[in-house]
Structure formats: C-alpha cells, structure tokens
Amino acid sequence: MSKLPPDRAEGVFVDFKPAYTPAQAVVEANRCLFCYDAPCIKACPTSIDIPQFIRKIATGNVEGSARTIFDSNILGMSCARVCPVEVLCVGDCVYNEMGVPPIQIGKLQRYSTDAAYEAGWTFYEAGESTGKSVAVVGAGPAGLAVAHRLRRFGHAVTIYDKRSVVGGLNTTGVAPYKMKADRSVDEVEWVLGIGGIDLKLGVSVPGDVSWAELEDQHDAVFLGFGLGPDSVLDAPGADLDGIEGAVAFIERFKLGGVDLSSIRNAVVIGGGNTAIDAVRELVGLGVQNVKMIYRGTESRMSGYAHEWKAAKQEGVRVVWQAQPVAYQGEGHVTAVTCVRMDDAKQPIPGSEHDIAADLVLLAVGQAKLGELVAGLDGVETQWGRIVTDDDGATGRAGVWAGGDCRNGGKEVVNGVAEGRDAAEAIHAYLTGGA
Amino acid sequence: MADLTSNTAGIISPNPFWLASAPPANSGDQVQRAFDAGWGGAVWKTLGTPIQNVSSRFGAIRWRGNNGVGFNNIELITDRPLEVNFREIYETKKKYPKHAIIASLMVETREEWREMIKRSEDAGADGLELNFGCPHGMCERGMGSAVGQEPKVNERITSWAKEFANIPVLVKLTPNVGDILPHGLAAQAGGADGVSLINTIKSIIGVDLDNLVPQPVVGNQSTNGGYCGAAVRPIALHMVAALSRDPRFQIPISGIGGITNWRDAAEFIALGSSSVQVCTEVMLRGYRIVEDMIEGLEQYLASQGMSRLDQLVGAAVPRYTEWGHLDLNYESIAKINADACIGCQLCMVACHDGAHQCIHPNPDGTRVPVIDESECVGCNLCQIVCPVPDCISMVEVDNGYTPATWNQHVSDGATLRPKKGAH
C-alpha cells in the first residue's frame, strides 16, 4: 500500500473537534438518555445502535462499544470524524427538543473506535472460503464496506483502484481539520486486516482491465468508483494558470505540498460543502484574503449551515448573488469578472465587476462517470448516476453499485451503508439465496 | 470468550442474568422478549391468589438530575389469573428450553403450597422461589416478609416446599431484619437448595409537599412500599457477603439489589452469587441493557484470566473480614494530579468540613489545592468528590511499620503507627 509523504500541506491543520479524554467521554456518555427506538439511530444511514454504544462507554465496556459501532459501520472511525452529525444523529437527539445541548455522538464514536484501533481490536474474521470471487471497482468507502462484509461471508475479494492511494475521497477529499489522509489510510489497513482482500492499485477499469475480463475472472462485480473530475465554468480565460478544480486542489494539498506563498487573493466559486471546505482550507493554509462567490443568497446555499457558520467564524468573506462570466489575466489569472444575479438567479445586465483573484478554485460539482459503464449492457444510468434497486443491484445480473457513482455524491456514511447492503445482496446471489 | 453458563442450585441458565420476580417478568410476552434480548432466566412475577392493585404504584428518588437512583413500589403479587400465568410459563419454557424459568410463589396454607408447586412443575418451571420477602401489603396478610422475618416460620414453610417439590427451591429473603444470617440458615435448615436476596426494603420514597401526602399517592393517602434500585446495592452486597463468608452457610445464592450493569453484576458474583436478578434498571431502561451486561462480564472474566463464570463466584469473599483483622499500619495518602485538576476545590471543602482538614489552598495562588501529607489520613473523601477521574489517587505509603491488626494489638501488644489527624 502506498505510503503518504510526511510533509503534506494538510499537516498545519488541527482537529476542529478534538478527541475526548476518557473523563470527557464518560461525562458525555452518562448524559445519554438511552432512548428507545432512538431518533439518532434512524438518522444514521448505517443505523448504528447509538444509545447502546454510548451506554457501553458509560459502563467501561469500550471494546463492546466499538464492536456495536463496527457491526453496523466498518468505517466507524472515519465516519466519527467526517459525518455531518449536526444534520444526522446529533441533529435528531431528543435533547434538542428540550433546549439542552445534544449528545456529542460523533465525538463519542471517535472515542470508542480510536480505542479499538489503538488497541488492535479487529473483531471480525473472514468466513470459511466459499470459492466465490467478487471484483470491487474503487477502494473508497463503499468499496471497502462491501469488501469487508463479503470477506466475513467467506468470498474472495479483489479491489481495483486507478489511484495509487487507498480510501478514495476519505483519503483525498476530507477537510483536514476533520481527518487527515494518514488516518484514512490507517483505517483502510485496519479494515484489510480481515485478510484475503487483494488490492490492485494503479489499475483502471475499464482500461487496464476490461469489463469482460473482470466479469470473466469474478463471480460478481461491485461498482464503487465515485465521481469524476471537477466541473468547469466555460468562460473566457478559463485556461489561465491559477484556475483549478476544488476537489483536485484539495487532493493535491492533502497528499503533498502546495506553495501558496505568492497568493494574495483566493476565490472559491460555489456554495456547496466542497466550496465551504475549500475556503476554510485556504484560510487554514495561510492565504490572507479568501472569498467565496456564490450565485444565490445565504439562505439558498446548499452547503450545511453549521459548516458555513464555522467558515464565517474563521474569517471567510463572501460575495452573494454573483456569477463569474470571464477570467482576467495574462498567462496567470488576476481577477474574476462577475455579474450580479437577481433573486431568481438571473444575471442583472450591466452589473459586471472584477474581483481580484490570483487563485480560483471551482467547486461547482463533479462529473458523473456513468459513461464508464457504457460497455456493460444492462447497466443503466440516469443523469450520470448508475441506476440500481434498493440493494444496489444494477440491471445486469451479477453487477452491483454503491457510493457516489450511484447516489450522485453523498456522505461517506451513505457509501458505507450502500456497500454493506450490497454485500448482503451479493452474498445471497452467490449462495443461491433471494 | 469466557463461558457464562450459570448454575444456581441446579438451575442452569446460559448466563447469570435473570429478570427478578417483578413487573418485567409479569407475562409470557415480556419474558419471551427478554430472552430474545439475551436474558438467561426469569423469575416469574409472584404467583398466588391474584390480587387487586392500587393506582398509583411507583415512586423514585430524583437526585442531582437523575431519576430513579432509588425506587419504590407498592404493587403486590400477580393480578392475572393463575391459569393464564401457568399456561404462559408452559409456552415460554417450550419455546426457550435452555433458558431458566423460576416460579415465584406466595401462598399461605400447606395445601396451597402443595398445589402451587405441582402446577409450577407441570408448567415446566426449572425451579421455585419462595417469596418470603415482600415488605408491603402481603406481609400484612401474614405472607412475604412476615414469613421471612421469622426464622421458624421460614424453615417450616421451606420444608413443606421441599417435601412437595421435585425441582430446586430457592428462598427469597427479606432485608428487613437486623442480621440476615439466621434467616439464611433457617432456609438452609428447611432444606432450601439456595437463597435469593435481597427483596425490597420497607420504605417511604417521599412526600408530596403540596398536598402533604406520602408518595406514591393513592387518592389522598399512601402507604409504605419496597425500596430498590441502584441505591440499595451496598445493602444487598453486604447481605450476600454476610451469608457467603459464614462457614455454616453452604447453599448457593442468587444475588439481587440495584444491579444496573455488568460491573454491578460482577461485584455480586465476586461476593458469592451464582446468578443475579435485575428489575429496576430494566423498568427504567428496558431489556436491552443485558447486551452490555453479557459482553462486559465476558470481557471482564477474560481480563481476569477466567474462562468460566464459576471461577468468579465468591472470589472476593476471602478478602471480606472483620474490622479487627484489618491492618492498622497500612497507610495511604491522597495525591492530586495538578495537570488533571480543574480547580473546583470540592476536595478542599470536603476535607475541611467533612474530614481531616489536610487539603489547603495553593500558596502559589493557583486553584490546584495542596495536600498536607503529614496530616492526610487516607480517608478517600477527596477522591470521592473529585469530578475528574484519576485526578486524585490514593497512594500507599511505606511507613516502615510491620502489619498489625487491632486484635493483634490487644492480644499480643503489636506496635501501631502513630495516629494521623487526631488533634
């Protein structure tokens, strides 16, 4: 498995939500009401038995607590850090109804899962070999979840990923004040500890291995290849230096070094969570002036309110209701020309103005990769997403899909849930069940 | 993983966790759901001539924001028809043959005992528990604790039960006595195969100050009830240990009283219980608490290098002794971890007002108190009030004195170290 360089630019960040000490964890755990049919469980895409794992922290059964988490979510360690708990489990804690601070479920989950990792508890063993083999395309959260669960059933698993690093967006795309790349890689190694998962990195499908070869060599296929490159804004000057996709930029500084010492004015175009991550990251990397440009109003941005609140507190500025129409500069970008937008997101004629920028990050979406499956008859796509049934089965027998390539780009926890559930369906398929 | 199989006087269950005879074990539907959740056994809600209950029935202590630290009830034995109860025992046992079902019984005459025991055995019960413990309502009718408080009556009725029964008989003891030992020995003398204790403690849980009526309120009156819940655990632990350590007492114990989690259970087992029974925490949080109890106990046994539950049964009993056998020359003092201290100074006020005035303000002006070790008697109070785990530790001091007990001092003149904190 490829090792990450130690001098990565993300190293300057500290945890936005620091780890609990044992004393803090026990105090918080004892606040949990142990709700029945708890709203926090229903809010979790992987349905972790949250009250149960928290009660186990309170009784000193941290090992059991971690097991409860991993039973539902094998990537519980990274989900504890990267889940938007404010809009999932924590957001639905009944204490909110009482005007009392909700239980810090993410931090408690981090406490138990980190303890498991540090202690080397792995909990699960591979099942007795079934002689069946499954190909998993993509070593991201969905692919890892499907692979681990399939190994518990005893099926052989080969994961193919075109990258040289494992973990998918969990490694390359998570804001470093939530989780750094090395923690994701550590987690992958922990997951692979179940044994019998053959990792083929730097191998693209279809490309280095064709769909036909893949289906020939395996009894089932799981597609978890995520999303494609950043979308671009087609405007004059778009080929100037200093204009880059936000996802590509984030990957660059998470996996290596970036030199931003010459950057005076950075702008991020977009209003979603990637845009908010990018502006917070630029501030954290030391850029003096960081602006977000969004074509709508604050109330209409698609990024999470809690993330945006944190960005504002960190000194990010924003230009609302503006749309880039051209980039200025000779060789390297120096400004973005924008028009103002009205409340219906329509440009206001004559409102063009320049915003100084020597770095422009585009966070206006990522390409869907539906075309990759063009060679697989029966696998249908809609708006670039792979169409499946509830368990992730595509229209082609023996082929499942999950994660961003299926859901269009959701959270890590959604990828884990889809991978896990697909594994159950693949197991049933391989063993002649339903 | 350690084997939790439990054997209490021949009553075998897959783990030592039983529902106590109480509302959570009132019906077949409940007991079956409890077994599904992982409970190893259930002592059915006491069977006798069905009664009529009052409304309301329960009360609880609310203490520093927690509901139910102590709990009280004035509910009586089963109010459901006996034939329904016995049919449900039969159905449940048939569906869960490996789980233990113990019929708790409370009747008056010899003939009634004979009939109830026969019906329990016919229903498939694995054992019987004679309810000689209930301290409210039933005792006023000459049953429950009225039996348990009279060793001769206890022994006589136990011997009837043994005469009629072909399955193990446990006697459930009342804590509403000065010394538990004669009552445990009376059950043993009557032939009991084991005892279970404690039943609830006679109590008034509180008073409605708006209407000046004790609680739980029944119209404009109330009555004394049975106290239970986490707060009674120390009383129960002592009574279990008092029986366990007496060489005359030789029969198994099923421990009851304030058990809320695996740690509590392990403590009862270490003091001699072969199984444990739980009611209040289930009433407060549901059957699902057993998952952590099983897992935590398995892990604890493994951490102790034990592979079977019976290795823990009574393991702490030899280290429970009389005061006169304690080493008076053993010395410990408190140490504060300044890095962990949050400056609440609860230790200081506790020591000054409630102990031996040896924790003082820090002369350097910080809020980390200092301990005068020459005065510290090692009482534990500061550690008890400290809100930060592991901030205050009690550390053994090597004072150069050889161990000496009070008994040795009195009989042999053994040298005692100088007293601390006695001015």
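Here is how the numbers come out for the structure above:
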item: Anchor B:Lys420: aspartates and glutamates whose Cα lies under 13 Å away (excluding residues fewer than 8 positions away in-chain); result: B:Glu331, B:Asp372, B:Glu373, B:Glu375
item: Folded to 0 to 90 degrees: helix A:412-430 orientation relative to chain A principal axis, Cα; result: 40 degrees
item: Acute angle (nearest 10 degrees) that the helix A:141-152 long axis makes with the longest principal axis of chain A, alpha-carbon atoms; result: 10 degrees
item: Sequence-distant lysines (8 or more away, or on other chains) whose Cα lies within less than 22 Å of A:Lys3; result: A:Lys162, A:Lys178, A:Lys180, A:Lys200, A:Lys254
item: B:Val317 accessible area, assembled protein chains, probe 1.4 Å, Å²; result: 20 Å²
item: DSSP-loop trypsin sites (Lys or Arg not before Pro) across region B:1-85, with at most 15 other Cβ within 10 angstrom; result: B:Arg57, B:Arg64
item: Loop GluC sites (Glu not before Pro), region B:235-338, which have at most 11 other Cβ atoms in a 10 Å radius of their Cβ (DSSP); result: B:Glu322
item: Antiparallel bridges, percent of DSSP beta bridges restricted to chain B (to nearest 5); result: 50 percent
item: Heavy-atom accessible area order for B:Asp390, A:Asp241, B:Asp126, largest first, 1.4 Å probe; result: B:Asp390, A:Asp241, B:Asp126
item: Pairwise centroid distance, computed over Cα atoms, of region A:222-253 with region B:370-417, Å; result: 68 Å
item: Accessible surface of B:Met116 - all protein chains present, 1.4 Å probe, nearest 10 Å²; result: 10 Å²
item: Computed magnitude of the charge dipole of region A:16-119 (debye, nearest 20; Cβ of K, R +1, Cβ of D, E -1); result: 140 debye
item: Point-charge dipole on Cβ atoms (K/R +1, D/E -1) for region A:313-394, about Cα centre, debye to 20; result: 320 debye
item: For A:Tyr327, distant residues with modelled amide H under 5 Å away; result: A:Gly237, A:Ala238, A:Thr337
item: Region A:195-305 - accessible surface per residue (Å², probe 1.4 Å); result: 42 Å²
item: Inter-chain Cβ neighbour average for residues A:54-62, partner chain, 10 Å; result: 5
item: Trypsin sites (Lys or Arg not before Pro) restricted to DSSP loop in region A:375-427 with at most 11 other C-beta within 10 Å; result: none
item: Percent of beta bridges antiparallel (DSSP, the protein assembly as shown, rounded to nearest 5); result: 40 percent
item: Lysine pairs in region B:1-152 with Cα atoms under 27 Å, if 8 or more residues apart or on separate chains; result: 11
item: Reachable lysines from B:Lys419, criterion Cα separation under 25 angstrom, eight or more residues apart if same chain; result: B:Lys335
item: Cβ-based charge dipole, region A:48-186, positive-most Cα from A:Gly60, A:Gly106, A:Val137; result: A:Val137
item: Dipole magnitude of the protein assembly as shown, debye to nearest 20 (Cβ charges: Lys/Arg +1, Asp/Glu -1, about Cα centre); result: 1500 debye
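The values are calculated or read from the model by the stated rules, or taken from the named source; none is laboratory data. This is a predicted model, so every value here is computed, not measured. Note that each Cβ is placed from the backbone with ideal geometry, even for glycine, and that neighbours are counted across all protein chains shown. Only protein heavy atoms, including side chains, enter the accessible area calculation; ligands, DNA and RNA are left aside. Shrake-Rupley method; radii C 1.70, N 1.55, O 1.52, S 1.80 Å.
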